[in-house]
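**Q** Take a look at this one; I'll ask things after.
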């Protein structure tokens, strides 16, 4: 009986250690801040099959795409989209790169944790998720958007100060 208990205990302990090792070997992916003229914009939803009439409409529609199994990296996507002077560069399913001048209004920003698939060509980088895009925008567009926001805020404060003075 003691032998059976020892065998059972050893088996359970072995399974527990194996399960912990599996958890420890899962790599976390890193979302790059930007490079090659692009800045990180967020993790966004894909829009295909979202509604009845959107089966062929993508979040980054009307542009270009490249599918590179085994070699896709964030840098390869930036380079590909940059050659076409696209405003947006998005990565999805570890190997897909999508480029466009516009982002669909149906696409929504979600938690960065949902862009959890590693790139096929560099397993430390985030290359989107299942129907999720690791999305980059041209640095100039990102700076302009930030500047406009600041200008509007400054304008509102300036108007309030001006109104209170007179």
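The values are calculated or read from the model by the stated rules, or taken from the named source; none is laboratory data. These numbers were taken from a predicted model, which means no experiment stands behind them. So basically every Cβ, Gly included, is an ideal-geometry build from the backbone, and we count neighbours across all protein chains shown.
**Q** For the stretch 56-151, give me every one of the strands (runs of 3 or more DSSP E) that falls completely inside it and has 3 or more residues that are at pLDDT 95 or above and either over 15 Å from the mean Cα position of the chain (by Cα) or over 16 Å from residue 46 (Cβ atoms) (or both).
**A** Where strands (runs of 3 or more DSSP E) fall fully within the stretch 56-151 and carry at least 3 residues being at pLDDT 95 or above and either over 15 Å from the mean Cα position of the chain (by Cα) or over 16 Å from residue 46 (Cβ atoms) (or both), they are 64-67.
**Q** So residue 84 ticks every box in (1) surrounded by 14 or more Cβ atoms within 10 Å (Cβ to Cβ); (2) closer than 20 Å to residue 140 by Cα but one. Which box is left unticked?
**A** All conditions are met except number (1).
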